[in-house]
Amino acid sequence: MTRHDAEEGGPAAVAADPREMSFGEVAGEAARLHRELHRHNHLYHAEAAPEISDSAYDELFRRLQVIEAAHPGLVTPDSPTQRVGADPLESLPNIEHAAPMLSLDSAREVEEVRRFDERLRKTLGDEKIRYVLEPKLDGASLELVYVDGVLERAVTRGNGRVGEGVTENVRTIPTVPLRLRGREPPVPAFLSVRGEVIMCLSDFESLNQRRIEAAKPPYQNPRNATSGALRQLDSRITARRPLTVLAYDIMAVEGAAFDSDSEGIEALRAWGLKTPERVTVAESVEEIARYHRAFDRDRESLDYEIDGVVVKLDALAPRTLLGSTAHHPRWAIAFKFEPRKEITRIDRILVSVGRTGVLTPVALLRPVEVGGVTVSRASLHNREELERKDVREGDLVRVQRAGDVIPQVVERIDEDGHERGELFTMPGACPSCGTEPVERGPFTICPNHLACPAQLKGRITHFGSRAALDIEGLGAETAALLVEEGLVGELADLFELTEDDLLPLEGFAAVSARNLVGAIRERRQVELARFLVGLGIPEVGVAVARDLAMHFRGIEAVRSAPAEALESIHGVGEKMSAAIRGFFGAPDVRDALDRLLNRGFRFVVPDGPPAGEEGGWAGKTVVLTGTLESFSRSRLRDMLRDLGARVTGSVSSRTDFLVAGADPGSKLEKARRLGVEVLDEAQLRERLGRREGDGRPENLPARDRGRG
Ligand code: IVH
């Protein structure tokens, strides 16, 4: 008989060939694997408390695949293997919802919420008034239907009555249970539940980064990226998109009954669905307003987009009494936040040159406040994006900020009778050095990599940035000054700078000159990984640089590494190894690097895993809560992941640390109860060994290490 060791690090099981087992044995093993895999999936994705390692999970998964390959009759729609995507469809079928999917009436002002509350009190009397409060998730609405606990279909909202069947796609989303679990309350015979499909901001940013690199147009916002992924005809594409479903409303149920919405949400959770965080109840408009304010304030630090809070009458029976209009129920209201999209005019379009020579068109805008931040410039990405949006100087445009993303021009707004400016075209000469640019896909590139002042300024800034050599006082302004004054013509020159060179420059005095010279020289003793980051090797971010350093342990070994050695490193594929070898193989890079290395570097490579290096984060499970002053949540998450930690959503006995900012909420209580170590912001910073916040250069996307 086969044995599957579900324990971490357990001995590798020697599995019998399914063709040599009796059908009863194989079917029994498949059923057992279903149960185990479903359970581990749930623990990993919904509870954030995995009990086995990823490789142990993969082993169970592969065993099930072997069995199913030998006995295709054992492949059921709820098999955990069915999450990987199926053959493409011709079109998405239209499917009627189990109950109409209404939308919500919305309020912008607290006065409107007060009127809503007064209306309910008048109809129902004060004693029935209790509201459930939830974040209003800005994603795509979805109906999930479970029959006897098995996911039977998933349907987009569509027109509210009929939507598109996206079942195959939704099966690939790890937070959606293919089979409901739980005993209490028992799994109902029929369940139609409504939820929101969302994409986390950090995942959205990496997805767009990859699209831009692959010369595809970036998605405008996480919601569009989500709808796009959800409505794919080929579910294998959806499977590669990092989607999450949060369930918040029972639309129809048979075989279970609830008195209140909050009980319903509890049940959804018990059945294994993921529900929104910070769901709570309130009895007065003041409490609602407080909740709204708190969420609005924390909005920037969430890793997903919300556009308000939802206020629903908790008791279910009176809902019927109140009824609905054609569009929305009378028992709920969306209390929205100020929008983060605004309209403004483009004063000028200029072209900036980055360290890699890419010419980026940038719109200079009439300053406008977007969600509390004044925006005066926005990226137009590249030539093709510019053409697609067809924006010109003087045009009226809609601009938006999506979480951490740089402000974007979303679209041009037509104006009757407005005489438009001339068509904007990319310049025929690099605005920095005058060299004729070359076109590469949608990009326009200045090929004068060595001598173009803009690229040199960019390289210096990057070399001194926090993720690289972290040289205090060497920011973009200083880098520009050094290049313009002819003091630095390549990175090696930085190490020859003297106080006398700096003193005549604007903004420098004796102390600042001494400090900068000292800071630069001091960093000749530096972690190899940081130095590699600083070189700006194409495709190589912080995580890969660290892996390269750990593996090769010296700069000469890295620069002369053959492709096989590079590709033996986890996460380094053919494309990346070619980029690395191309970089070090270029004669100009080789000579400049030789001169740089002549300045007397001493490289430090930590022993063992990257763990000890920066606070022992590797392998730790970390949960974040509350508002942090010097970190945005998504950046902190990336940072911790880069250090090898696993950042999850909820506290359990397996959590190693809870990072608690201001107004931490219930996670803190739970952590205390479970004896989980709690770090406040100062302790966090100390552990990270950093002076300030998390300014991670935009061009160093974090590597995603998660499963699923
Ligand atoms: S309750 C009939 N709760 O917001 C009421 N809706 O117009 C059912 N939404 O597209 C909706 N987060 O999909 C509810 N926590 C939440 C929500 C939420 C997002 C969406 C909903 C709809 C829109 C409301």
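Details
- Some residue of the range 534-541 being open to solvent by 30 Å² or more (accessible area, probe 1.4 Å) and in contact (Cβ under 8 Å) with a residue 40 or more places away in the chain: yes
- Subset tally (residues that are crowded, with 18+ Cβ neighbours inside 10 Å and of a type in the set (Gly, Ala, Ser)) for the range 276-295: 1
- Residue 357 satisfies every condition listed in (1) small (Gly, Ala, Ser); (2) away from the ligand (no atom under 16 Å from the Cβ); (3) without any contact (Cβ under 8 Å) to a residue 60 or more places away in the chain except (3).
- Within the range 491-537, being in a loop (DSSP other than H, G, I, E, B), touching a Leu at 6+ places or on another chain (Cβ under 7 Å) and closer than 24 Å to residue 603 by Cβ holds for 497, 523.
- Being surrounded by 13 or more Cβ atoms within 10 Å (Cβ to Cβ), under 15 Å from residue 314 (Cα atoms) and without any contact (Cβ under 8 Å) to a residue 60 or more places away in the chain is true of residue 121.
- Search result, residues across the range 101-120 that are β-branched (Val, Ile, Thr) and within 14 Å of the ligand (Cβ to nearest atom): none
- Selection within the range 321-342 - of a type outside the set (S, T, N, Q), in a strand (DSSP E or B) and either within 30 Å of residue 215 (Cβ to Cβ) or modelled with pLDDT under 90 (or both): 341, 342
- Leading residue by the ranking (modelled with the lowest pLDDT) among those in the range 377-418 that are open to solvent by 60 Å² or more (accessible area, probe 1.4 Å) and either at positive phi or of a type in the set (A, V, I, L, M) (or both): 406
- Of all residues in the range 317-344, those satisfying the criterion of being open to solvent by 60 Å² or more (accessible area, probe 1.4 Å) and either basic (Lys, Arg) or in contact (Cβ under 8 Å) with a residue 12 or more places away in the chain (or both) are 317, 321, 327, 330, 338, 341, 343.
- Looking only at the range 155-174, residues that are over 15 Å from residue 239 (Cα atoms), open to solvent by less than 20 Å² (accessible area, probe 1.4 Å) and either among the aromatic types (Phe, Trp, Tyr) or not in a loop (DSSP other than H, G, I, E, B) (or both) come to 4 in all.
- Tally, over the range 538-550, of residues that are at pLDDT below 90 and either among the aliphatic types (A, V, I, L, M) or assigned to a helix (DSSP H, G or I) (or both): 7
- Being more than 27 Å from the chain's Cα centre (by Cα) and either hydrophobic (A, V, I, L, M, F, W, C) or at pLDDT below 90 (or both) is a condition met by at least one residue of the range 114-123.
- Verdict on residue 40 being at pLDDT 85 or above, touching a Phe, Trp or Tyr at 6+ places or on another chain (Cβ under 6 Å) and either more than 29 Å from residue 193 (Cα to Cα) or not basic (Lys, Arg) (or both): yes
- Only one entry in 177, 135 is touching a Pro at 6+ places or on another chain (Cβ under 8 Å), within 22 Å of residue 266 (Cβ to Cβ) and not hydrophobic (A, V, I, L, M, F, W, C), namely 135.
- Of all the criteria given as (1) in a helix (DSSP H, G or I); (2) surrounded by 15 or more Cβ atoms within 10 Å (Cβ to Cβ); (3) β-branched (Val, Ile, Thr), the one not satisfied by residue 76 is (1).
- Conditions (1) in contact (Cβ under 8 Å) with a residue 60 or more places away in the chain; (2) closer than 20 Å to residue 167 by Cα: number failed by residue 75: (1)
- Residue check for residue 177: assigned to a strand (DSSP E or B) and either within 16 Å of the ligand (Cβ to nearest atom) or open to solvent by 10 Å² or more (accessible area, probe 1.4 Å) (or both): no
- Comparison of 314, 261, 298 shows that the only residue that is in contact (Cβ under 8 Å) with a residue 12 or more places away in the chain, closer than 25 Å to residue 99 by Cβ and either open to solvent by 20 Å² or more (accessible area, probe 1.4 Å) or more than 12 Å from the ligand (Cβ to nearest atom) (or both) is 314.
- Checking each residue in the range 160-172 for being away from the ligand (no atom under 16 Å from the Cβ) and among the β-branched types (Val, Ile, Thr) picks out 167, 172.
- Matching residues, the range 87-99, being crowded, with 17+ Cβ neighbours inside 10 Å and either within 30 Å of the chain's Cα centre (by Cα) or within 16 Å of the ligand (Cβ to nearest atom) (or both): 92, 97, 98
- Looking only at the range 122-159, and only at residues there that are among the hydroxyl-bearing types (Ser, Thr, Tyr) and in contact with a helix residue (DSSP H, G or I) (Cβ under 9 Å, 6 or more places away or on another chain), the one that is farthest from the ligand (Cβ to nearest atom): 123
- Qualifying residue in the range 430-440 (condition: surrounded by fewer than 20 Cβ atoms within 10 Å (Cβ to Cβ), closer than 30 Å to residue 202 by Cβ and of a type in the set (Asp, Glu)): no
- For the range 355-376, a residue qualifies if it is surrounded by 16 or more Cβ atoms within 10 Å (Cβ to Cβ) and under 24 Å from the mean Cα position of the chain (by Cα), and the qualifying residues are 360, 370, 371, 375.
- Some residue of the range 235-249 being open to solvent by 40 Å² or more (accessible area, probe 1.4 Å), within 16 Å of the ligand (Cβ to nearest atom) and either outside any helix (DSSP H, G or I) or closer than 26 Å to residue 333 by Cβ (or both): no
- With a requirement of 2 or more residues that are aliphatic (A, V, I, L, M) and touching a strand residue (DSSP E or B) at 6+ places or on another chain (Cβ under 8 Å), the helices (runs of 4 or more DSSP H) lying completely within the range 561-655 that satisfy it span 633-642.
- Restricting 531, 552 to residues that are touching a helix residue (DSSP H, G or I) at 6+ places or on another chain (Cβ under 8 Å) and surrounded by fewer than 22 Cβ atoms within 10 Å (Cβ to Cβ) narrows the list to 552.
- Complete set of residues in the range 180-200 that are assigned to a loop (DSSP other than H, G, I, E, B), open to solvent by 10 Å² or more (accessible area, probe 1.4 Å) and in contact (Cβ under 8 Å) with a residue 40 or more places away in the chain: 180, 181, 182, 184, 185, 186, 187, 189, 200
- Close Cβ contacts (under 7 Å, 6 or more residues apart or on different chains) running from residues in the range 92-109 that are part of a loop (DSSP other than H, G, I, E, B) to residues that are of a type in the set (Ser, Thr, Tyr) comprise 98/192; 99/192; 101/141; 102/324.
The values are calculated or read from the model by the stated rules, or taken from the named source; none is laboratory data. Since the structure is predicted, the reported quantities are computational estimates derived from the model, not experimental observations. Positions of Cβ are generated from backbone atoms using ideal geometry, with glycine treated the same way; all protein chains shown enter the neighbour counts. All accessible areas refer to the heavy atoms of the entire protein, side chains included, with ligands and DNA or RNA removed. Shrake-Rupley method; radii C 1.70, N 1.55, O 1.52, S 1.80 Å.
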